[in-house]
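Here is the structure we will look at, set down as structure tokens.
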């Protein structure tokens with residue numbers, strides 16, 4: 001058993017046993033008190049009859065008298081202590097065989113004793129009969145004492161069974177509560193060693209379940225980041241190798257006298273250096289995107305206003321190229337939960353690409369609508385289109401449809417990869433379809449806030 005499980009077991013057991021002991025004490029006390037009250041009730045009937053006899057005698061003889069013979073005739077319990085006084089508390093009779101007042105106060109509690117009042121014909125109080133069964137004689141017969149003893153024995157037996165059962169349940173409960181924590185501890189140790197594929201199975205709806213889900217999300221995110229790191233390193237090496245190899249070949253050829261260090265050769269090397277510079281810039285943007293995915297703060301955002309602002313930013317670029325850039329949207333707000341900077345990056349990339357690859361005199365249309373609790377944005381251009389064989393791969397990092405196109409436009413193949421990552425981070429989906437002289441990108445986001 002784990003340390004925390006042991007502590008939980010001790011705490012639950014102490015609470016259970018403590019509560020049981022308190023309950024047993026109260027039950028035992030109540031049973032004995034009620035049984036004693038039952039016994040006393042039987043005696044009251046006899047004592048009331050004795051009081052009636054004393055009142056009748058006073059009515060006949062005008063004498064207040066109580067003696068052993070009367071007690072023997074009417075009272076069956078010989079252990080009852082009587083204390084008979086006049087209405088002015090003058091003692092008439094008591095069956096306490098003692099000397100001195102101190103012993104009487106010790107054995108007979110006058111204030112808490114049972115009290116019977118005697119009345120004359122005019123209903124005036126004439127005397128008081130106090131009576132009490134001493135504590136050491138609280139039961140009149142062995143049968144009564146045995147009954148209480150058997151009841152107490154049954155209570156103690158049930159208590160023992162309950163204690164054993166509660167200990168067993170406490171053990172099971174402590175293991176049940178600590179089992180997922182132990183699994184999470186094992187998972188944390190695995191993550192610390194670099195094993196990001198470890199997951200814990202969680203079920204229920206409580207704080208421990210939420211902790212397990214958070215750990216799973218953390219592990220999944222770390223696994224994803226590790227995969228990105230490995231893939232980025234591999235892709236980066238591949239992309240950097242090409243321009244560096246070209247520059248190296250030019251320098252080797254100049255050194256060997258194959259090429260001259262003229263303007264044409266230098267210009268070709270500058271192109272490769274420029275390509276390398278753009279690649280590094282794109283990698284910086286890609287790194288920023290990864291950072292956004294980790295630290296993004298999603299808030300209530302109006303996608304309509306974000307797209308409007310993005311289109312206004314590209315109006316001048318579109319006009320310079322002779323392209324009409326239009327927005328078609330319903331007259332209502334399109335609120336969603338998202339990171340505004342990330343959403344601006346998504347639509348800036350898509351609108352920029354649409355303008356870049358559209359032919360002069362064409363048009364780019366952005367449409368925004370709602371359908372089945374989803375926000376749907378489409379960007380349509382009238383450009384050179386994307387070959388069908390390339391469509392499945394355009395969202396992969398460093399992928400370009402052909403070399404001549406990338407050289408002409410200066411693309412690095414990271415823009416759409418960035419867009420897809422940001423869309424997925426918003427629980428959205430992006431697709432593309434292309435025909436001759438037309439490409440349509442469709443972005444879908446959940447409408448939930």
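Worth a mention:
- Residues located in the range 1-47, provided they are at pLDDT 80 or above, surrounded by fewer than 12 Cβ atoms within 10 Å (Cβ to Cβ) and either more than 48 Å from the chain's Cα centre (by Cα) or not in a helix (DSSP H, G or I) (or both): 45
- Subset tally (residues that are under 14 Å from residue 92 (Cα atoms) and assigned to a loop (DSSP other than H, G, I, E, B)) for the range 63-76: 5
- The listed residues are 224, 196, 250, and the only one of them that is surrounded by 13 or more Cβ atoms within 10 Å (Cβ to Cβ) and either modelled with pLDDT under 75 or touching a strand residue (DSSP E or B) at 6+ places or on another chain (Cβ under 8 Å) (or both) turns out to be 224.
The values are calculated or read from the model by the stated rules, or taken from the named source; none is laboratory data. It should be emphasised that the depicted structure is a prediction, and the values quoted were computed from it without experimental measurement. We place every Cβ from the backbone using ideal geometry, glycine too, and count neighbours over all the protein chains shown.
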